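**Q** Would you mind keeping the following structure in view while I ask a few things?
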Amino acid sequence: MRRIRIGLAAIGLLSFGVGSAHAAGGNAGLRDYAEGVYAEYATSSGNQISFDVKTLATGSLKQIADVSFGELVATTGYMIAADEMGTGLEDPRFVPSYATNGYDVFMATELKNTPMGFETVAGRSLQAGTYRKLGVSATIGSETRLHEALEFCWPSLGECTVFDPTVIFMESVVKNQRAAFLAQAKGSQVALAVAQAPSGEMGTTATCGLASNPAYIGKSLTWKAYTIEYTNVFGGVLIRKNLGGQQAGVRCDSSCKPAPYGYSNVSSCQGFLGWSCSCDNDFGYGATGSTGKWIAETKCAHKYAFSASASASVTNFGSASVSISWNIDGTTDGNGGYYSDTCGYF
């Protein structure tokens, strides 16, 4: 099975115990919140990236109420991007800030905001809030770079959020990975009943089945529909994507020939506050000899300040090498994949 490339997520308010990987409870757990989010990000990448987080300063949120985020943390000339592949992150990398589909322009506006917005926009009391200034060491391969981030917590509410201007939409990458994981966990792999058929040439009775598992004459993979949101540091929704469900399967017909099947549902998205988005979907199928394939994909792209676009087209339709080509302008999220198998007598 191949999982399709999907894009990056966003920064937002997460409830402790839902947003933290260290849901131990109490203030001790809250002190680990940022470390837990970075740990989940690293784990999702298969540890292709690792983080070391240190506390540089702490205090009451009210003390820094009118200080801009840009004054509280130093910025860098690079950012950290990754490609989201279903429930995993692929190819984490350091990239120039300008090569981030407008995220650098968006972040420049975010850095002008102050913690006062938590009270005026998000309804979180400054008096009840605390902050930590973080020193983050990010290692990819043999290269290590340092940057700064901020953690904000409301112990009485059991809530925290992390503002990291360098790791692109870092916290919601973790949040949206959870949404994708739950959707895929609910997806089904269907095994159809075995059909008996004689193999005349062998003079014995053989069973028609799939090469992947001769006990079955058909299988399908289903990617359930799910919704993700990208938010700003105050929890305001910037992009919402409803990713349509997809299915791909192959069954063996009465002549033990491959009969691909499946479906591709459309996706939709909305962009706010300068963000645009675009979705498309397509499917294709085919067979070559005894091998069949069905592919179904949907993707939504997003971009800041300029128009995003996503367009799909099927190539090699009718053959087992059928595929979907994408023309994308923006950062993508997606759903779906393909299933391919061979029918034969075993």
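**Q** Filter the stretch 238-282 for residues that are under 19 Å from the mean Cα position of the chain (by Cα), at pLDDT 95 or above and hydrophobic (A, V, I, L, M, F, W, C) and give the result.
**A** If the condition is that a residue be under 19 Å from the mean Cα position of the chain (by Cα), at pLDDT 95 or above and hydrophobic (A, V, I, L, M, F, W, C), then L238, I239, V266, C269, W275, C277, C279 are the ones that fit.
**Q** Only residues that are part of a loop (DSSP other than H, G, I, E, B) and under 30 Å from T114 (Cβ atoms): list them for the stretch 207-240, please.
**A** Result: N232, V233, F234, G235, G236.
**Q** Here's a follow-up. State all residues of the stretch 287-346 that are under 17 Å from the mean Cα position of the chain (by Cα) and either outside the structural domain of T205 (by TED's automatic domain parsing) or of a type in the set (D, E, K, R) (or both); if no residue qualifies, say none.
**A** E297, K299, K303, D333, listed by residue number.
**Q** Give the residues of the stretch 264-308 that are farther than 16 Å from Y103 by Cα and small (G, A, S), sorted by residue number.
**A** S264, S267, S268, S278, G284, G286, A287, G289, S290, G292, A296
**Q** Follow-up question, since we're still on this one. So how many residues does the stretch 63-77 have that are surrounded by fewer than 18 Cβ atoms within 10 Å (Cβ to Cβ) and outside any helix (DSSP H, G or I)?
**A** Final tally of qualifying residues: 8.
**Q** Please identify the pairs in which a residue from the stretch 225-236 that is within 24 Å of G334 (Cβ to Cβ) and touching a residue at least 24 places away in the same chain (Cβ under 8 Å) has its Cβ atom under 6 Å from the Cβ atom of a residue that is part of a strand (DSSP E or B) and of a type outside the set (A, V, I, L, M), counting only partners at least 6 apart or on another chain.
**A** Pairs that qualify, where the first residue is within 24 Å of G334 (Cβ to Cβ) and touching a residue at least 24 places away in the same chain (Cβ under 8 Å) and the partner is part of a strand (DSSP E or B) and of a type outside the set (A, V, I, L, M), are T227/N242; I228/K241; E229/R240.
**Q** Same structure again: Restricting to the stretch 42-55, count the residues that are in a helix (DSSP H, G or I) and either modelled with pLDDT of 95 or more or surrounded by fewer than 21 Cβ atoms within 10 Å (Cβ to Cβ) (or both).
**A** Of all residues in the stretch 42-55, those in a helix (DSSP H, G or I) come to 42-44.
If we keep only those that are either modelled with pLDDT of 95 or more or surrounded by fewer than 21 Cβ atoms within 10 Å (Cβ to Cβ) (or both) as well, we get 42-43.
Qualifying residue count for the region: 2.
**Q** Taking the condition of being closer than 22 Å to P96 by Cα and at pLDDT below 95, how many residues in the stretch 149-168 meet it?
**A** Total meeting the criteria: 1.
**Q** Could you pull out the residue among C269, C277, C256 that is closer than 24 Å to S212 by Cα and either assigned by TED's automatic domain parsing to the domain that holds G318 or polar (S, T, N, Q) (or both)?
**A** When all the criteria are applied, what remains is C256.
**Q** Let me ask something additional. Please go through (1) closer than 21 Å to Q177 by Cα; (2) touching a Ser or Thr at 6+ places or on another chain (Cβ under 9 Å) for S45 and return the number of the only condition it doesn't satisfy.
**A** (2)
The values are calculated or read from the model by the stated rules, or taken from the named source; none is laboratory data. Since the structure is predicted, the reported quantities are computational estimates derived from the model, not experimental observations. Cβ coordinates were reconstructed from backbone atoms using ideal geometry, including for glycine residues, and neighbour counts include every protein chain displayed.
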